[in-house]
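Following: one structure in structure tokens, then a few remarks.
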Amino acid sequence: MGSSVAYHLVRSDPGLDIVVVERDPTYTNASSALSVGNARIQFSLRENIQISLHALEVFGRFGEEMSVEGQRPDIRFRPEGNLFLHVPKAYAEVESSMALQKSLGGEVEWWNLEEIANRHPFLKPEGLGGGTFGRLDGHLDGYALLMGTRAKAASLGVEFVAGEAEEIVTRRGTVEGIRVASGELLSAPVVVNCAGAWAAELSRTADIDLPVVPVKRQVFVVETPEYFDKPLPLTVFPSGLYFRSEAPGLLLVGKSLDEDPEGYSFSWQESRFTDLLWPGLAQWVPSFDRLRLIRGWAGLYAVNTLDGNAILGEWPDLEGLFHANGFSGHGLQQAPAVGRHLAELILGVEPTLDLSALGTERIVDKKPLSEASLV
């Protein structure tokens with residue numbers, strides 16, 4: 001988010017003096033680098049759909065747009081589709097979401113059980129009512145996306161510095177900059193909090209109670225007992241359990257659970273897969289009772305506990321402090337549109353997309369938005 005906001009700002013106004021303060025310049029624990037890299041239009045909230053439609057456009061031309069001295073970054077975007085499976089009682093809600101997605105230009109179709117069985121005969125569809133398939137949805141290399149955006153922003157004059165932003169400095173309702181761990185004050189009339197899982201900690205230094213908490217999510221790489229002749233799309237079961245092809249013979253598997261711990265832990269547990277996820281996989285795909293766990297990793301979701309959606313814009317009653325936080329697991333795909341939107345707000349330009357519903361006022365007023373398609 002920080003690199004995207006910086007890039008869009010400097011592209012719009014090359015005369016700006018922009019500094020990105022990065023506490024983890026190796027990006028070892030960055031959520032972008034640890035993401036499974038999914039991008040999809042299958043949301044139920046208009047703004048999330050519009051944001052994703054823009055992302056799919058950007059990902060298709062990313063190498064050309066972010067080229068630096070003839071070097072084109074390769075984010076390896078693969079539009080292999082997203083398949084969301086649904087139980088019959090969810091059909092009315094699914095039908096409404098599909099209608100909205102299509103009205104906005106999204107390509108999504110309904111697969112009945114016969115269609116699912118024809119395309120994925122290894123699935124056991126008992127209890128399902130059908131599925132929605134986003135043909136242009138897909139996945140990409142999150143680390144490559146981050147580094148490509150960062151390199152382009154740096155080539156245009158953005159300065160990236162290693163350091164930890166410890167305090168947002170304010171005076172009489174106006175932001176004055178940030179103080180880093182070394183004690184240095186970086187003066188600025190505009191500060192954007194893009195601290196991800198650490199966003200609430202930073203906001204508290206300005207007496208702002210941001211409803212964002214770090215939640216550990218785990219991903220597992222498994223070897224399949226059978227070879228599939230083509231990549232499997234990201235397939236999401238009604239429980240939230242998902243898998244997708246990573247390479248021939250390998251799948252990524254994950255699921256967000258209510259008991260996932262809050263905090264800054266990056267350890268992963270084999271038992272999480274064997275005890276909690278594997279039985280669910282074998283229920284839907286009987287041949288998966290012979291999977292072999294290869295490895296795993298853990299990363300952080302910056303979970304917006306109010307409604308699971310992005311928090312975007314200037315904070316009420318604190319001039320110059322902007323937020324891009326609380327993406328709750330779908331921030332990577334939202335970075336292109338969010339970076340552009342924040343830049344437009346900061347520069348006083350009419351926003352390309354009306355994302356006011358995702359503004360900070362709803363956080364102050366505690367008025368949650370409804371999004372039925374969080375994973």
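Report yes if some residue within segment 101-109 is assigned by TED's automatic domain parsing to the domain that holds Thr28 and either under 19 Å from the mean Cα position of the chain (by Cα) or at positive phi (or both); otherwise report no. Checked against the condition, which is being assigned by TED's automatic domain parsing to the domain that holds Thr28 and either under 19 Å from the mean Cα position of the chain (by Cα) or at positive phi (or both), segment 101-109 yields no hits at all.
Does Val190 meet the test of being touching a helix residue (DSSP H, G or I) at 6+ places or on another chain (Cβ under 8 Å), surrounded by fewer than 22 Cβ atoms within 10 Å (Cβ to Cβ), at pLDDT 95 or above and assigned by TED's automatic domain parsing to the domain that holds Ile311?
Details: touching a helix residue (DSSP H, G or I) at 6+ places or on another chain (Cβ under 8 Å): yes; surrounded by fewer than 22 Cβ atoms within 10 Å (Cβ to Cβ): yes; at pLDDT 95 or above: yes; assigned by TED's automatic domain parsing to the domain that holds Ile311: yes.
Yes.
Per the listing Ser12, Ser31, Ser35, the residue uniquely crowded, with 23+ Cβ neighbours inside 10 Å and at pLDDT 95 or above is Ser35. Taking segment 60-104 as the range and being out of contact with any Ser or Thr (no Cβ under 9 Å at 6 or more places or on another chain), more than 24 Å from Arg119 (Cβ to Cβ) and either among the hydrophobic types (A, V, I, L, M, F, W, C) or buried (at least 19 other Cβ atoms within 10 Å of the Cβ) (or both) as the test, the residues that pass are Ile75, Ala92, Leu104. The set of residues in segment 28-39 being touching a helix residue (DSSP H, G or I) at 6+ places or on another chain (Cβ under 6 Å) and of a type outside the set (A, V, I, L, M, F, W, C) consists of Ser31, Ser32, Ser35, Gly37. If you go through segment 152-172 and keep only what is crowded, with 19+ Cβ neighbours inside 10 Å and of a type in the set (A, V, I, L, M, F, W, C), you end up with Ala153, Val158, Ala165, Ile168.
Where strands (runs of 3 or more DSSP E) fall entirely within segment 125-199, those with at least 3 residues that are within 28 Å of the chain's Cα centre (by Cα) are at 130-134, 159-162, 165-171, 174-180, 191-193.
Do we have any residue at all in segment 334-344 that's polar (S, T, N, Q) and in a loop (DSSP other than H, G, I, E, B)?
If we filter segment 334-344 for residues that are polar (S, T, N, Q), which is where we start, we get 334.
Subset that is in a loop (DSSP other than H, G, I, E, B): none.
Among the residues of segment 334-344, not one is polar (S, T, N, Q) and in a loop (DSSP other than H, G, I, E, B), which makes the answer no.
Is it the case that Ala310 is crowded, with 24+ Cβ neighbours inside 10 Å and in contact with a Leu (Cβ under 7 Å, 6 or more places away or on another chain)?
Numbers: crowded, with 24+ Cβ neighbours inside 10 Å: yes; in contact with a Leu (Cβ under 7 Å, 6 or more places away or on another chain): yes.
When the stated conditions are applied, Ala310 passes them.
The values are calculated or read from the model by the stated rules, or taken from the named source; none is laboratory data. On a predicted model such as this, the values are computed, not experimentally measured, just so you know. Here Cβ is always computed from backbone atoms with ideal geometry, including for glycine, and neighbour counts include all displayed protein chains.
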